[in-house]
Amino acid sequence: MTITEKVSYIKGLADGLELDENNKQDKLLKAIIDVLDDMAMSVADLEDGYDELCEQIDAVDEDLSDLEEDFYGEDECECCGHGDDDLNDEEYYEVECPACHDVICLDEDMLDEGGIKCPNCGTELEFDFECDCEACGDKDEADQKDKD
């Protein structure tokens, strides 16, 4: 039952009581019911406006998502929004916080520090980054020979 339906029900009950306009208490009760009716109509108008606004916001959100996809492409970094062209200049790594599951973009300097605090929840994140590429493997072998 909506608010307007409830107020209509109360009005029907009051009409069934056959309130006397000359009685002060009956006059007060009728005035209260009229105010309730006005408030119910205002709330119904606000609900209608809210629903319309939600539909418009959803449409704008969809349009914005389409524009972001067209502008950045599909292979963008979720946390910083860098597209493929930006990522070629500097490498970024996406890390998911195990506590809050927020995705954080890191560059190589941040990885070299060994850890950071999650900007969302403050959890301390530690990085033990070992590269498996051939270039780093060759460098490790050279470093080992220098030590011998």
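The values are calculated or read from the model by the stated rules, or taken from the named source; none is laboratory data. For clarity, every value in this text was computed on a predicted model and none was experimentally measured. Cβ sites come from the backbone with ideal geometry, for glycine too, and all protein chains shown count toward neighbours. Note: accessible area is taken over every heavy atom of the protein model, side chains too, but ligands, DNA and RNA are not part of it. Shrake-Rupley method; radii C 1.70, N 1.55, O 1.52, S 1.80 Å.
Accessible area per residue (1.4 Å probe, heavy atoms of protein chains only) ranks Leu67, Leu36 as Leu67, Leu36, with the largest value leading.
When Glu126, Glu94 are compared by accessible surface with a 1.4 Å probe, the order from highest to lowest is Glu126, Glu94. Within the shell of other residues whose beta carbon sits under 14 angstrom from the beta carbon of Thr123, the net charge comes to -3, with Lys and Arg scored +1 and Asp and Glu -1. Rolling a 1.4 angstrom probe over the protein heavy atoms with all chains in place gives the range 1-56 an accessible area of 83 Å² per residue.
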